[in-house]
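Contents: one structure, followed by commentary.
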Amino acid sequence: MDLNLIVMAGRLAADPEFTTFASGATLCRILVTTKSTEPRRRIDVIPVVQWDPADDAVIRDMVRGDRVWVAGAVQRRFWSAEAGRTSRVEVVAHDIQHQVAKVDADLADRAGHAADMIDACNEEMI
């Protein structure tokens, strides 16, 4: 069983960017910074996209420095550029939540379910 699932928490590195295409589709782009201490101290900046966020989506009101939770999947996109074929790895978000003192119960429940799925995959591999 394959599983492509990302759940992360971090801070917005910049204000969200919204692009509306001729087709009417809207793309929201954010950069999420995450701090790690293992195996060494570092800060990663992870590109995240969300297609067609709802008009009332909380991401529309967020600004640089706000804490966020993101649930989604990793995707590698390819396109042609002047320099040749180019690619980018990014997280395609299914859900983006503003992190407040109490995490959205639905997102926390899905994160717990994801952990259960990972445990089940690991047991299958043993």
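The values are calculated or read from the model by the stated rules, or taken from the named source; none is laboratory data. Remember, it's a predicted structure, so these values are computed and weren't measured experimentally. With ideal geometry, Cβ positions are generated from the backbone for all residues, glycine too; neighbour counts draw on all protein chains shown. What goes into the accessible areas is simple: the full protein's heavy atoms, side chains included, and nothing from ligands, DNA or RNA. Shrake-Rupley method; radii C 1.70, N 1.55, O 1.52, S 1.80 Å.
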Computed E for ASP61/SER23 - FRET, C-beta separation, R0 25 angstrom, nearest 0.05: 0.50
Cα principal axis extents for the range 14-69, largest first, Å: 44, 19, 15
Area accessible to solvent at LEU27, 1.4 Å probe radius, in Å²: 10 Å²
Computed lengthening from ALA73 to ASP95, 0.36 nm per intervening residue step minus Cα-Cα distance: 6.9 nm
Solvent exposure of the range 1-111 as accessible area per residue, Å², 1.4 Å probe: 67 Å²
